[in-house]
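What follows is a single structure, written as structure tokens, with notes after it.
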Protein chains: 2
Amino acid sequence: MAATNHFMELALAEARSAGKRGEVPIGAVLVLDNTIIAKAGNRTRELNDVTAHAEIVAIRLACEELGQERLTGADLYVTLEPCTMCAAAISFARIRRLYYGAEDPKGGAVDNGVRFYNQTTCHHAPEVYSGIGETASAGILRDFFQAKRSED
Amino acid sequence: MAATNHFMELALAEARSAGKRGEVPIGAVLVLDNTIIAKAGNRTRELNDVTAHAEIVAIRLACEELGQERLTGADLYVTLEPCTMCAAAISFARIRRLYYGAEDPKGGAVDNGVRFYNQTTCHHAPEVYSGIGETASAGILRDFFQAKRSED
């Protein structure tokens, strides 16, 4: 649990950095054999890329670094419940365990929405652990959107 | 219908090119105001990137080209029913119309699987037209997998 908290803390730091860049503050860390193989924050605005969610950026970085298409045995720490796009990408990458912070009833696809890992068109499901760093993750998002609304 | 067939023919050509590169043969073309803004085939193996499905590659190319995060008003032609990841990315990119060739009961997410565009966690759904180029699309995929099996 100590390592789990440590990796989620790093994901939260990625989320905070993303927020400072004007991105929706979500962060992700990929770990293989207790070693960080990628970390990333949301970069959709910076890259003009709707697919550049923290999870996808981290998966692409790790695959590039390792020179392989799949991340079998890797664990992903992400501050918010993955969306439909990311939940599927996590499955395609054969990620072993998914740790996420806050639930996302509006856009999540793991314990909300399409619950992709319970569907017959999902051909690999990670083990899922939720709630680690939940309060911090939700707080970072709430503060970001409150600040945005007061700017408008 | 003539233009529709034309754009799907180009998507089929992208699929065939992908197959020649050893990729699962799926192709996509993005059209805005009757002009092609991106075309792509599947590149997952070449790029070691599980997210590099034809649709995602085309969306990224078009957004980069246009310098914008969304493709409002654009139409996507793709040879196979989009998967869960791509269906969500198409929604995020605000694509107006989705034309796809063959259905994919095993991995599709539009008229099969999670039927993402019918879910409450989907916040933008394109108009969907299916079956254009269906026979050719399914044939390209069938030939590819038959050839692969005979190699094994």
### Message
Every residue in the stretch B:110-125 that is more than 12 Å from chain A (Cβ to nearest Cβ) and closer than 18 Å to residue B:27 by Cβ, please.
### Response
none
### Message
Tell me the residue from A:73, A:67 that is surrounded by fewer than 24 Cβ atoms within 10 Å (Cβ to Cβ) and touching a residue at least 24 places away in the same chain (Cβ under 8 Å), please.
### Response
A:73
### Task
Scan A:107, A:101 and give me the residue that is more than 10 Å from chain B (Cβ to nearest Cβ), at pLDDT 95 or above and in contact with a Gly (Cβ under 8 Å, 6 or more places away or on another chain).
A:101
### Set B:104, B:143: member being of a type in the set (Asp, Glu), in contact with a strand residue (DSSP E or B) (Cβ under 6 Å, 6 or more places away or on another chain) and more than 26 Å from residue B:35 (Cα to Cα)
B:104
### Query
Counting just the residues of the stretch A:44-61 that are touching a Gly at 6+ places or on another chain (Cβ under 7 Å) and not charged (D, E, K, R), which one comes out nearest to the other protein chains (Cβ to nearest Cβ)?
A:48
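Test residue B:129 against the criterion of being within 16 Å of the chain's Cα centre (by Cα) and within 21 Å of residue A:85 (Cβ to Cβ), and give yes or no.
Spelling it out, it is not the case that residue B:129 is within 16 Å of the chain's Cα centre (by Cα) and within 21 Å of residue A:85 (Cβ to Cβ).
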### Task
Looking at (1) crowded, with 24+ Cβ neighbours inside 10 Å; (2) more than 8 Å from every other protein chain (Cβ to nearest Cβ), find the lone condition where residue B:130 falls short.
(1)
### Task
Those residues that are within 15 Å of residue A:54 (Cβ to Cβ) and either among the charged types (D, E, K, R) or in a loop (DSSP other than H, G, I, E, B) (or both), I need them from the stretch A:111-140; list them, please.
A:133
#### Entry: Per-region count, the stretch B:13-25, residues surrounded by 15 or more Cβ atoms within 10 Å (Cβ to Cβ), of a type outside the set (Asp, Glu) and more than 14 Å from chain A (Cβ to nearest Cβ)
7
### Message
Suppose we filter the stretch B:62-90 for residues that are facing another protein chain (nearest Cβ under 8 Å), among the polar types (S, T, N, Q) and farther than 23 Å from residue B:141 by Cα; how many remain?
### Response
1
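Rundown of residues vs (1) under 10 Å from the mean Cα position of the chain (by Cα); (2) modelled with pLDDT under 95; (3) farther than 14 Å from residue B:98 by Cα, yes/no style:
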position	(1), (2), (3)
B:30	yes, no, no
B:37	no, no, yes
B:41	yes, no, yes
B:44	no, no, yes
B:52	no, no, yes
B:57	yes, no, yes
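Do the conditions hold for residue B:12, that is, is it among the aliphatic types (A, V, I, L, M), closer than 19 Å to residue B:137 by Cβ and in contact with a Leu (Cβ under 6 Å, 6 or more places away or on another chain)?
Values: among the aliphatic types (A, V, I, L, M): yes; closer than 19 Å to residue B:137 by Cβ: yes; in contact with a Leu (Cβ under 6 Å, 6 or more places away or on another chain): no.
No: the conditions fail for residue B:12.
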## Note on the structure
Selection from the stretch B:98-110 of residues of a type outside the set (Gly, Ala, Ser) and crowded, with 16+ Cβ neighbours inside 10 Å yields B:98, B:99, B:100, B:103, B:104, B:110
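The values are calculated or read from the model by the stated rules, or taken from the named source; none is laboratory data. Computed from a predicted model, the values in this text were never measured in an experiment. We place every Cβ from the backbone using ideal geometry, glycine too, and count neighbours over all the protein chains shown.
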